[in-house]
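Input: a single structure, listed below in structure tokens.
The values are calculated or read from the model by the stated rules, or taken from the named source; none is laboratory data. Keep in mind that what you see is a predicted model, and the values were worked out from it rather than measured. Please note: Cβ atoms are built from the backbone with ideal geometry, for glycine as well, and neighbour counts cover all protein chains shown.
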Amino acid sequence: MRRQHAAIPRNILVSFDISSIAGRDQLSGVLRYLRSRPQWTPRLVANPVDFTPALVRGARSAHVDGIIVNHAGSPEAEHALAESDVPLAVVGIRSQVLLSRKSAIAFIRNDNIETGRIAARYFRSLGNFRSFGYIPAAHSGEEWSTGREYGFRTELNRYGRRLSVFQGAADAGASLLALAEWLVALQKPAAVFAAWDYPAMQALEACRSERLKVPHDVAVLGVDNDSLVCDATVPPLSSIPFDYERQGYESAAALAVLFEKPATHLQKPLTVMCRPLPVFVRESATATSPASDLLKRAMRYIAKNAAKGISMRDVARDLGVSQSLLSLRFREFSGGTVMDAVIAARIQKAKHLLATTNRSIKDITAASGFRNANYMKSAFKRIIGMTMRDYRTKMQKTTKQV
């Protein structure tokens, strides 16, 4: 029988930098976990400036039982965290100072090596590239960047492929020229993986300046799936997203582990690695051959879910691609739009109900996924060439004759 732990009240100090979507999603994950622990009371410090050394040092006297952060605040606050004995969960921070703290601390981190492996496997799924390149972080030696490079390289080695690494920083004028020269020198077609979305965006700009076709000559993939960057590039940037909401949830769950373990068992950090999500596909890294498979998968999803009131956004989300890419593929291979296919599937559902039931038009409207009966009647007559009432009469006569 599983041991039941008593519900112990806990005061949790939560300090998150929520200036980015990542920070907001992480905080959302923390709050989701806290809803499952109603005996835990959060105290939110929304502005990192307010996360002071005095606040950390006074945590015990203020009856704080645990701390969750996604930033270290000032260097002084960082040292105060390292010296504190209050159980601490740290989301995404790489800090030698905090690593010096050996007890009652948990690190929640992205699995950067697996991120690189995912990039290599994704490129391999697209076809036979002649060369592969990696653009590291601007500051050499960043652990997260070297981890992604290692995963990318080792996975490519499994397939007998070698990796070229750009030796520069893709955030300065002189280096952008070097980046363009490096991209031109890669054998084509080339697959380029960047440590994060910003250098990937720089690679797309360099390709445009050198008239390299993306993705035909160079396919580009970033990390973070920052929609402000990815949707604004030309073409839109494919990227590997992280589940930041899950990271926040895991940080609170890790704090629960720290509470439950005796102090004698907390002499080394608890590390939780969070896997990235599948590649979010946009035009910068997609198959250059006819993408009939994407269309087939979309049609299967639409046929199964059209009556549930789905939108183009739902179809794209299920396939793991951007709405713009999905729309492009539909225009290329069907000559219509995603919503044309959804409406056609709903009409098929309505035809079946008209022919086999005596349900009212109002009921059939809802059951077919339409929100408005008048719109459905108009769409039905336009596509089928007769009114819904006439279609039902015709089908009923046919059935009687049979």
For residues that are among the hydrophobic types (A, V, I, L, M, F, W, C) and in a loop (DSSP other than H, G, I, E, B), scanning just segment 232-255, find the one that is farthest from Ser36 (Cα to Cα). Val234
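Does Val218 count as among the hydrophobic types (A, V, I, L, M, F, W, C), at pLDDT 95 or above and more than 30 Å from Val86 (Cβ to Cβ)? Write out each step before concluding.
Values: among the hydrophobic types (A, V, I, L, M, F, W, C): yes; at pLDDT 95 or above: yes; more than 30 Å from Val86 (Cβ to Cβ): yes.
When the stated conditions are applied, Val218 passes them.
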Go through (1) buried (at least 16 other Cβ atoms within 10 Å of the Cβ); (2) on the phi < 0 side of the Ramachandran plot and name the single condition Gly58 misses. (1)
Determine which single condition Tyr249 fails, assuming it passes every other condition in (1) within 24 Å of Glu283 (Cα to Cα); (2) within 21 Å of the chain's Cα centre (by Cα); (3) touching a residue at least 12 places away in the same chain (Cβ under 8 Å). (1)
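For the structure I just gave you, tell me whether Ala54 is more than 15 Å from Pro87 (Cα to Cα), touching a residue at least 40 places away in the same chain (Cβ under 8 Å), part of a helix (DSSP H, G or I) and among the aliphatic types (A, V, I, L, M).
Working: more than 15 Å from Pro87 (Cα to Cα): yes; touching a residue at least 40 places away in the same chain (Cβ under 8 Å): no; part of a helix (DSSP H, G or I): yes; among the aliphatic types (A, V, I, L, M): yes.
Considered against the rule, which asks whether it is more than 15 Å from Pro87 (Cα to Cα), touching a residue at least 40 places away in the same chain (Cβ under 8 Å), part of a helix (DSSP H, G or I) and among the aliphatic types (A, V, I, L, M), Ala54 comes out as no.
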List pairs: first in segment 139-161 and among the aliphatic types (A, V, I, L, M), second surrounded by fewer than 17 Cβ atoms within 10 Å (Cβ to Cβ), Cβ under 8 Å, 6+ apart or cross-chain? Leu156/Arg162
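Take the residues in segment 174-198 that are assigned to a helix (DSSP H, G or I) and not hydrophobic (A, V, I, L, M, F, W, C), then tell me which one is surrounded by the fewest Cβ atoms within 10 Å (Cβ to Cβ). Can you show your working first?
Taking segment 174-198 and keeping what is assigned to a helix (DSSP H, G or I), we get 174-185, 197-198.
Now restrict to residues that are not hydrophobic (A, V, I, L, M, F, W, C): 175, 181, 197-198.
On the way: Ser175: 18, Glu181: 13, Asp197: 22, Tyr198: 19.
My answer is Glu181.
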Leu325 vs (1) within 33 Å of the chain's Cα centre (by Cα); (2) among the aliphatic types (A, V, I, L, M); (3) over 30 Å from Val214 (Cα atoms): all pass except (3)
Given the conditions (1) modelled with pLDDT of 90 or more; (2) part of a helix (DSSP H, G or I), which single one is not true for Val229? (1)
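Only one residue in Ala22, Ala72, Ala80, Ala89 is over 30 Å from Asp197 (Cα atoms) and either of a type in the set (A, V, I, L, M, F, W, C) or crowded, with 17+ Cβ neighbours inside 10 Å (or both), so which one is that?
Numbers: Ala22 fails: over 30 Å from Asp197 (Cα atoms); Ala72 fails: over 30 Å from Asp197 (Cα atoms); Ala89 fails: over 30 Å from Asp197 (Cα atoms).
Going through Ala22, Ala72, Ala80, Ala89 in turn, just one is over 30 Å from Asp197 (Cα atoms) and either of a type in the set (A, V, I, L, M, F, W, C) or crowded, with 17+ Cβ neighbours inside 10 Å (or both): Ala80.
With respect to Arg124, is the statement that it is among the basic types (Lys, Arg), touching a residue at least 60 places away in the same chain (Cβ under 8 Å), under 30 Å from Ser284 (Cβ atoms) and surrounded by fewer than 21 Cβ atoms within 10 Å (Cβ to Cβ) true?
Working: among the basic types (Lys, Arg): yes; touching a residue at least 60 places away in the same chain (Cβ under 8 Å): no; under 30 Å from Ser284 (Cβ atoms): yes; surrounded by fewer than 21 Cβ atoms within 10 Å (Cβ to Cβ): yes.
Considered against the rule, which asks whether it is among the basic types (Lys, Arg), touching a residue at least 60 places away in the same chain (Cβ under 8 Å), under 30 Å from Ser284 (Cβ atoms) and surrounded by fewer than 21 Cβ atoms within 10 Å (Cβ to Cβ), Arg124 comes out as no.
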Being among the polar types (S, T, N, Q) and touching a Phe, Trp or Tyr at 6+ places or on another chain (Cβ under 9 Å) is the filter here, so list the residues in segment 55-94 that pass it. Asn70, Ser74
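Which residue, of Gly73, Gly58, is in the same structural domain as Val257 (by TED's automatic domain parsing), modelled with pLDDT of 95 or more and not β-branched (Val, Ile, Thr)?
Details: Gly73 fails: modelled with pLDDT of 95 or more.
Of the residues listed, the single one that is in the same structural domain as Val257 (by TED's automatic domain parsing), modelled with pLDDT of 95 or more and not β-branched (Val, Ile, Thr) is Gly58.
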Does any residue in segment 374-401 that is in the same structural domain as Lys351 (by TED's automatic domain parsing) and modelled with pLDDT of 85 or more come within less than 6 Å, Cβ to Cβ, of a residue that is in a helix (DSSP H, G or I) and polar (S, T, N, Q) six or more places away or on a different chain, and which pairs are these? Met376/Thr365
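Yes/no matrix, rows are residues, columns are (1) at pLDDT 90 or above; (2) buried (at least 19 other Cβ atoms within 10 Å of the Cβ):
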residue	(1), (2)
Met273	yes, no
Val279	yes, yes
Ile302	yes, yes
Met312	yes, no
Phe330	no, yes
Kindly list, by first and then second residue, each pair from a residue in segment 343-359 that is of a type in the set (Gly, Ala, Ser) to a residue that is not in a helix (DSSP H, G or I), limited to pairs with Cβ atoms under 6 Å and residues at least 6 apart or on different chains. Ala350/Ser368
Counting only residues in segment 374-397 that are among the charged types (D, E, K, R) and under 45 Å from the mean Cα position of the chain (by Cα), the one nearest to Asn358 (Cα to Cα) is identified as Lys377
Going by the structure shown, is Asp111 closer than 30 Å to Ala7 by Cβ and of a type in the set (D, E, K, R)? no
Can you tell me how many residues in segment 304-344 are among the hydrophobic types (A, V, I, L, M, F, W, C) and under 22 Å from Asn372 (Cβ atoms)? 11
